[in-house]
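For reference, the structure discussed in these notes is given below.
We did not get these values from a lab; they are worked out from the coordinates using the rules stated. All figures in this text were calculated on a predicted structure; none of them were measured in a lab. Using ideal geometry, Cβ is built from the backbone for each residue, glycine included, and neighbour counts are taken over all protein chains shown.
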Amino acid sequence: MTRLSCRLVIAAMLAVSLATAAPVAADQYSAVRLEMVRTIEAISEQVSGGATPTRLDSGVLDAMRRTPRHAFVPAHLQDLAYSDRPLPIGYGQTISQPYIVALMTDLLRLEPHSRALEIGTGSGYQAAVLAELGHEVFTIEIVPALADQAAKRLSDLGYDTVRAREGDGYFGWPDAAPFDGIVVTAAASHVPPPLIKQLKPGGRMVIPVGAAFMTQQLMLIEKQADGTVRTEALLPVSFVPLTSAQ
Amino acid sequence: MPLLAAVSLLSLAAIAYEILLTRLFAITLWHHYVYMIISLALLGYGASGTFLVFVKHRLIPHFGTSFAVLAMLFGVTVIGCYVLAQRVPFNPLEVIWDWHQQLYLATMYLILAAPFFAAASAIALALAVWPGHIGAIYRADLMGAGAGALGVVAATFVLPLEDCLRVIAASGFGAAALAVTRERRHWAAAAILVVAVPATLAWPAAWLAPTPSPYKSLSLALTAPEARVIAERSGPLGRLSVIESPKVPLRIAPGLSLATTLMPPAQLGVFTDGEGVTPITRSTGDLEPIGYLDQQTSALPYHLLDRPETLVLGAGGGADVLQALYHRASHIDAVELNPQLADLVRHDFADFAGRIYDHPAVALHMAEARSFVEASRKRWDLINLSLLDSFATSTAGAQALSESPIYTIEAFQAYIGHLAPNGMLAITRWLGNPPRDTFKLFAIATAALRANGAADPAEQLVLLHSWNTATLLIKDAPFSRDEIAAARTFARDRQFDLAWFAGIRASETNRFNRMAKPTLYDAAVALLGPARSDFIANYRFDIRPATDDQPFFFRFFRWSLLPHLAAMKGQAGFVFVDAGYLVLILALLQAIVLSGIFILIPLLWLRHEQRVPASGWMSVALYFLLVGFAFLFIEIAFIQRFSLFLGHPLTAIAVTLAGFLVFAGLGSGFSTRAAARWPRATIILAVGAIVAIGAGYVALLPLVFDTLMGWPLLAKSAVAAGLVAPLGFAMGFPFPLGLSRVAERTPALLPWAWGINGCASVVSAVAASLLAMHIGFTAVLAVAIGLYGAAALLFGRLRGAT
């Protein structure tokens, strides 16, 4: 029993140890990173349908090839950084599955040098991917420790076009509004009205739906030129319901 | 006498521990995993039989000491194993990617099996040592269990869960002390009690406090700076945690229109077991700050009805009552199941909530929703059922195992029957994607309308949705043109979509809140037309209307989903499946395999040692399997039936579960005397009585329940107890009669038979839930009656084991 309890304690300690990963030379992981992007391409062909694109934008995929995801996960999980799965980053938060990050980035359809807002910085990976695409990114994190870690990590990795702060994302970032695209990674019972207001006409907002580790559905919100709003629920094609009409 | 008291106390403590563990782990994990972990831990009962087959001969000469050691082991492991299991880093959300999680899960139930193993071994040892008193010992066992089930439910109202754990552990030591007192070793009893004090009290409270998974909604809410728990209530219906988050306020407004700029005012969040948040909204009586309540899909009926007399089912933190007050409902009957939740709104946070439950237009009723309606003679203009459980919970399929008597065809018939002329039933739920709840609700509504005699249900339904909520309106008459026009205006102004009303065109749907196809409209057309059966049969999820006999509204799983999951290997495709059902299947498979091991190992050894004859053991195994299965099947099916009648799940548990155990205990005690007098006829009489009463109840109970539904709870409880008594009494016979016979003929098989019965109890509890989902509770009862019949036939063959 003693030995078992020791093992359990060690396992528990490992699972909660969330030491920030020191950036590792990019080439150490470059092969697995390329493999990750190939996996993303394969999945997008498999699950596409409706508004979910079959082929993701090549610029987005290039950004995913360049972004050192291993630097955004806890040190003890770095070997899993390029698996197509979400990983825990502490405080009940996760770094999303790479395919979902790629899809969300793609769905924003941002023109080069756009201005994007992210609610829920988490590890900072989504902000880094957007920055790799050359966008100006404003990101807000509610959990102070995560906000500090992500800001330092983004700065250390040279993502100078990302401005990160800790705070309540509900009211967006009025000083930097309006935005061409908004990503809301913190699930909510409703879309905060201030965020709709801060979205440019023609702008897009993407909201992942579902609890931690369980995000497979995305909500796309488009603001029309006349200010009205349309939403579109996206699903993997195999789960798009068949009805009597087909 | 001290021995029987010791058995009773240990049995009381073991069942109390089982129920308490369910409570504790419901706080830390999710319902379906808790069910799995505890079901498998209960196999400790089965393992006790295996253990005793091997060591019985060494323990029997030192019975008092052995019993006391096992009881003390129970006392120590009750807390120790719980503390250890809490520290296993099991995260069910990672289970499909990380094989370690399966190891952690197995570790949890192995650890938690230890206390059950210790208690069951002690009781089985007593049975083996005193074969002539099997009836009395089993009576003590069952009556202790009955008292434990009642006692722990009562205790959780008044004691913190951590202290309940200490009391249960102390009971183990108490049983140990009683066992040695029997042998007049009073010094040993005193020593045990001295050890018991540190063993139960020395545990730091912080170690015993259940720590919710960091991925539960409550944990996430507490990550906001300055967010804190400002009040907590613990009871058998769950732990309520009230969260205040001054810096990053909680803002709970499901389905708020994307066209509005209105926002909710300050709110407190009340989480039940760390999930399912219900808001307490700051209210001053001024309507302007709560204008957002008119911007949700659930506000639709107030635009079709003028100052309706309203019934709010599931009042919770008061959001729906506030919405009704905002729309100037003439009177509001608010029904809430959990008195602790209502108390928080009514007393602790009364000023914050604007004393809404004491508002002159509001009457608060503490009752279960369905039975409140069934028992009432009142009629309402609006019955509002907006039970918006946590979205995370509903997507995880955590409720798939729960029975939901509020969402069945019969329930809807009752709600519709309580509508005033031109009144409406409004139901708001999360929309979900792909839609499941909404389709099943629609299917139930159409079936209920038809059953109530509606000529064309299509004209009596309106379906509206936002991007994440759907509101279904059901009227006991066709919606008028003015009502449809008002619904259209309401939807257009808020950028909601109407998905159904009679005469709607496809082009009017799926405009603001789009899905890949106009799925909701297509489904409504299909469910209202000749394609209904095909649509239900072919839809990817199970959307067959739930009934009182199969009241599993939240079960959407279909086996045909599995290929789609396989195609999404490695991704979180399982979120589209209701994990609860799969977890149940997995629990059953594991329980069967482990039971097989526990049963076969001692058999092989006994046969190798030539302690049992070549034939006859099969009859013993089958008899105890059948009796174990049949007892649990009947108990579970009747608890479900009586829950509906008694209305409150806790009353149902108190009256029926405890009732079955206590009356079966009395039956067991009487069985020895009866068998001495009528050695051959007793089993036939007992099983004959079970079959006759069981079958009679299947036929008569619906009529009895229907007639007495409106009676006061106390009277209904007395009736239920009176109905349980004869059936429970008869069900107390077969096990001790069989065990006595085995003890006479082949005593080496006695612990084995005990273990088989323990394994059968675990497997049958899981199997009963699964069977009920597929064939309904009435059929489960029929199966149980058949099993008892087969057991009676086998009883004669237990002789063959000589």
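Which whole-number percent gives the relative contact order of segment B:612-802, counting Cα pairs below 8 Å spaced six or more residues apart? Each step should come with its number before you reach the end.
Details: 233 pairs, mean separation 91.2, N = 191.
Averaging sequence separation for qualifying contacts and normalising by length gives 48 percent for segment B:612-802.
What ranking, highest mean first, results for peptides B:372-383, B:350-361 when packing means the other Cβ atoms within 10 Å averaged over each residue?
Values: B:372-383: 18.8, B:350-361: 17.1.
The densest-packed peptide leads the list: B:372-383, B:350-361.
What are the radius of gyration and Dmax of segment B:1-212, computed over its Cα atoms and given in Å?
Looking at segment B:1-212, its Cα Rg and Dmax stand at 17.1, 58 Å.
For peptide A:87-100, how many partner chain Cβ atoms fall within 10 Å of a residue's Cβ, on average? All intermediate terms of the calculation are to be shown ahead of the outcome.
On the way: counts 3, 5, 0, 2, 5, 12, 4, 3, 0, 0, 4, 0, 1, 2.
Rounded to a whole number, the mean comes out at 3.
Out of every Cα pair in chain B, what percent are spaced more than 37 Å from each other?
I get 45 percent for the Cα pairs in chain B exceeding 37 Å.
Once the other residues with Cβ under 11 Å from the Cβ of B:PRO613 are scored (Lys, Arg +1; Asp, Glu -1), what is the net sum? The partial results should precede the final answer.
Numbers: positive: B:ARG607, B:ARG611, B:ARG745; negative: none.
Overall, the nearby charge balance is +3.
Let me know the mean shielding of B:511-524 by other chains, meaning the per-residue number of their Cβ atoms within 10 Å of its Cβ. Don't jump to the answer; show the numbers that get you there.
Values: counts 2, 4, 7, 9, 9, 12, 7, 2, 6, 2, 2, 6, 4, 1.
Per residue, the average neighbour count from other chains is 5.
Amide H to amide H under 5 Å from A:GLU118: which residues, 5+ apart in sequence or cross-chain, H placed 1.01 Å off N in plane?
A:PHE138, A:THR139, A:ILE140, A:VAL183
Please give the length that would be gained between B:LEU193 and B:SER480 if that part of the chain were fully extended, namely 0.36 nm times their separation in residues minus their C-alpha to C-alpha distance (nm, one decimal). Could the numbers behind the result be given before it?
Numbers: separation 287, 0.36 × 287 = 103.32 nm, distance 7.49 nm.
Taking B:LEU193 through B:SER480 to full extension adds about 95.8 nm, to one decimal.
Amide H neighbours of B:THR469 under 5 Å, at least 5 residues apart or on other chains, H built in the peptide plane: list them.
Those qualifying (amide H under 5 Å, at least 5 residues apart or on another chain) are B:LEU431.
Compute the convex hull volume of the Cα atoms of segment B:305-541, divide it by the residue count, and report the result per residue in Å³ as a whole number.
Values: hull volume 32.1 nm³, N = 237.
Per-residue hull volume (Cα only) is 135 Å³.
Using alpha carbons only, how many degrees (0 to 90, rounded to 10) separate the axis of helix B:2-28 from the longest principal axis of chain B?
For B:2-28 against chain B, the angle is about 30 degrees.
Rounded, prolate or oblate for segment B:749-790? Axes are the square roots of the Cα gyration tensor eigenvalues, ordered a ≥ b ≥ c, and the cut-off for rounded is a/c under 1.5. List each step's numbers first, then the result.
Working: a/c = 5.27, a/b = 1.81, b/c = 2.91.
Oblate shape, in that a/c is at least 1.5 and b/c is the bigger or equal ratio.
5 Å is the cut-off here: which amide hydrogens, built 1.01 Å from N in the peptide plane, fall below it relative to A:SER189, excluding neighbours closer than 5 in sequence?
Distant-sequence amide H within range of A:SER189: B:ALA253.
Nearest 0.05, what FRET efficiency do B:LYS247 and A:ASP148 give at R0 = 22 Å with Cβ-Cβ as r? Don't skip to the end; give the middle numbers.
Numbers: r = 16 Å, r/R0 = 0.73.
Computed FRET efficiency for B:LYS247 and A:ASP148: 0.85.
³J(HN,Hα) across segment B:620-627 via Karplus (A = 6.51, B = -1.76, C = 1.60, θ = phi - 60°), whole Hz, x for Gly/Pro?
4, 4, 5, 4, 6, 5, 5, 5
Equivalent ellipsoid semi-axes for segment B:612-802, as square roots of 5 times the alpha carbon gyration tensor eigenvalues: give them largest first, rounded to whole Å.
Numbers: eigenvalues 194, 58, 36 Å².
Here the semi-axes work out to 31, 17, 13 Å.
Using 1/(1 + (r/R0)^6) with R0 = 56 angstrom and r between the beta carbons of A:ASP175 and A:ALA31, what's the FRET efficiency to the nearest 0.05?
Working: r = 42 Å, r/R0 = 0.75.
Calculated value: 0.85.
Could you let me know the centre-to-centre spacing of segment B:129-180 and segment B:289-346, using Cα atoms, in angstrom?
44
Counting other beta carbons within 10 Å of each residue's own, what order do A:VAL60, B:VAL627 fall into, fewest first?
On the way: A:VAL60 25, B:VAL627 30.
Starting with the residue having the fewest Cβ neighbours, the order is A:VAL60, B:VAL627.
Rank by packing, highest mean first: peptides B:479-490, B:679-690, with packing defined as the count of other Cβ atoms within 10 Å averaged across residues.
Values: B:479-490: 15.6, B:679-690: 18.2.
Ranked by mean Cβ neighbours within 10 Å, highest first: B:679-690, B:479-490.
Looking at segment A:23-239 only, what percent of DSSP beta bridges run antiparallel? Nearest 5 please. Don't skip to the answer; put the middle values down first.
Numbers: 16 of 34 bridges.
Rounded to the nearest five, the antiparallel share is 45 percent.
Could you compute the net charge surrounding B:ASP273? Neighbours are other residues with a C-beta less than 9 Å from the C-beta of B:ASP273; K and R count +1, D and E count -1.
On the way: positive: B:ARG23, B:LYS216, B:ARG239; negative: B:GLU275.
Local net charge: +2.
Please work out the C-alpha center-to-center distance from segment B:756-788 to segment B:193-212 and express it in whole Å.
The distance from the Cα centre of segment B:756-788 to that of segment B:193-212 comes to 37 Å.
Once the dipole of chain B is set up with Lys and Arg at +1 and Asp and Glu at -1 on Cβ about the Cα centre, which of B:VAL462, B:ALA114, B:PHE598 lies farthest towards its positive end?
Positive-most Cα among the choices belongs to B:PHE598.
Give, rounded to the nearest 20 debye, the magnitude of the charge dipole that segment B:432-509 has about its Cα centre when Lys and Arg contribute +1 at Cβ and Asp and Glu contribute -1 at Cβ. Could the numbers behind the result be given before it?
Values: 9 positive and 9 negative charges, 32 e Å.
For segment B:432-509, the charge dipole is close to 160 debye.
Neighbour counts of other C-beta atoms within 10 Å: give me A:LYS200, B:LYS475 arranged from fewest to most. Don't skip to the answer; put the middle values down first.
Details: A:LYS200 16, B:LYS475 23.
Ascending number of Cβ neighbours within 10 Å: A:LYS200, B:LYS475.
Treating only the Cβ atoms of Lys and Arg (+1) and Asp and Glu (-1) as charged, compute the dipole magnitude of segment A:23-239 about its Cα centre; round to the nearest 20 debye.
On the way: 18 positive and 24 negative charges, 34 e Å.
Approximately 160 debye in magnitude.
I want the local charge near A:MET64. Using Cβ-Cβ distances under 12 Å, sum +1 for each Lys or Arg and -1 for each Asp or Glu among the other residues.
Values: positive: A:ARG33, A:ARG38, A:ARG65, A:ARG66, A:ARG69; negative: A:GLU35, A:GLU41, A:ASP57, A:ASP62, A:ASP84, A:ASP106, A:GLU132.
Every neighbour counted, the sum reads -2.
Run the quick spin-label model on B:HIS331 and B:ALA205: label points 7 Å from Cα toward the beta carbon, then report their separation in nm to one decimal.
Placing both labels 7 Å beyond Cα along the Cβ direction yields 4.5 nm.
Report the gain in length on full extension from B:ASP348 to B:ILE775: 0.36 nm times residue separation, minus Cα-Cα distance, nm rounded to one decimal. Intermediate results must be reported in sequence, preceding the final value.
On the way: separation 427, 0.36 × 427 = 153.72 nm, distance 4.56 nm.
149.2 nm is the gain from fully extending B:ASP348 to B:ILE775.
Rounded to the nearest 5, what % of the DSSP beta bridges within chain B are antiparallel ones? Display every interim value, and only then the final one.
Numbers: 31 of 49 bridges.
The antiparallel fraction comes to roughly 65 percent.
Rg and Dmax in Å for segment A:42-124, alpha carbons only: what are they?
13.5, 38
For the pair A:ALA75 and B:ARG511, how long in nm is the line joining their label points, each one 7 Å along Cα→Cβ?
My value for the distance between the label points is 5.8 nm.
Through the Karplus equation 6.51 cos²θ - 1.76 cosθ + 1.60, θ set to phi - 60°, convert the phi angles of segment B:237-249 into ³J(HN,Hα) values in whole Hz; use x for Gly and Pro.
Rounded to whole hertz, the list is 8, x, 9, 9, 10, 9, 10, 10, 9, x, 7, 10, x.
Shape call for segment B:658-701 from the C-alpha gyration tensor, a ≥ b ≥ c root eigenvalues: rounded (a/c under 1.5), prolate (a/b greater than b/c) or oblate? Mind showing how you got there, number by number?
Details: a/c = 4.78, a/b = 1.42, b/c = 3.36.
It comes out oblate by the Cα gyration axes.
How big is the dipole moment of the protein assembly as shown about its Cα centre under a simple scheme where the beta carbon of each Lys and Arg is +1, that of each Asp and Glu is -1, and everything else is neutral? Debye, nearest 20, please. Please report the intermediate quantities before stating the final value.
Numbers: 74 positive and 73 negative charges, 632 e Å.
Using Cβ point charges on Lys, Arg, Asp and Glu, the protein assembly as shown gives about 3040 debye.
How many angstrom lie between the C-alpha centres of segment B:514-555 and segment B:440-502?
Segment B:514-555 and segment B:440-502 have Cα centres spaced 15 Å from each other.
Taking each residue in B:220-229, count the Cβ atoms of any other chain within 10 Å of its Cβ, then average. What number comes out?
Values: counts 9, 1, 2, 9, 4, 8, 0, 1, 0, 0.
Going residue by residue through B:220-229 and averaging, the value is 3.
Per-residue ellipticity at 222 nm for chain B, helices alone: DSSP H runs ≥ 4 residues times -39500 (n - 2.57), over residue total, nearest 500 deg cm²/dmol?
After summing the helix terms and dividing by the residues of chain B, the value is -19000 deg cm²/dmol.
Relative contact order (percent) for chain B, with alpha-carbon contacts under 8 angstrom and 6 or more residues of separation? Don't skip to the end; give the middle numbers.
Working: 1481 pairs, mean separation 124.5, N = 802.
Relative contact order of chain B: 16 percent.
Neighbouring Cβ atoms within 10 Å as the yardstick, rank A:ARG66, B:ARG166 fewest first.
Numbers: A:ARG66 14, B:ARG166 20.
Arranged by neighbour count, lowest to highest, A:ARG66, B:ARG166 become A:ARG66, B:ARG166.
How much length is gained if the chain between B:HIS57 and B:ALA363 is pulled fully straight, taking 0.36 nm per residue apart and subtracting their Cα-Cα distance, in nm to one decimal?
On the way: separation 306, 0.36 × 306 = 110.16 nm, distance 6.57 nm.
Separation in residues times 0.36 nm, less the Cα-Cα distance, equals 103.6 nm.
Using only alpha carbon pairs under 8 Å that are at least six residues apart, calculate the relative contact order of segment A:111-219 and give it in whole percent. Present the calculation step by step, with values, prior to reporting the outcome.
Values: 212 pairs, mean separation 27.5, N = 109.
Once normalised by length, the contact order is 25 percent.
Between B:THR22 and B:SER560, what FRET efficiency comes out of the Förster formula 1/(1 + (r/R0)^6) with R0 = 30 Å and r the beta carbon distance, rounded to 0.05?
Details: r = 32 Å, r/R0 = 1.07.
Result of the calculation: an efficiency of 0.40.
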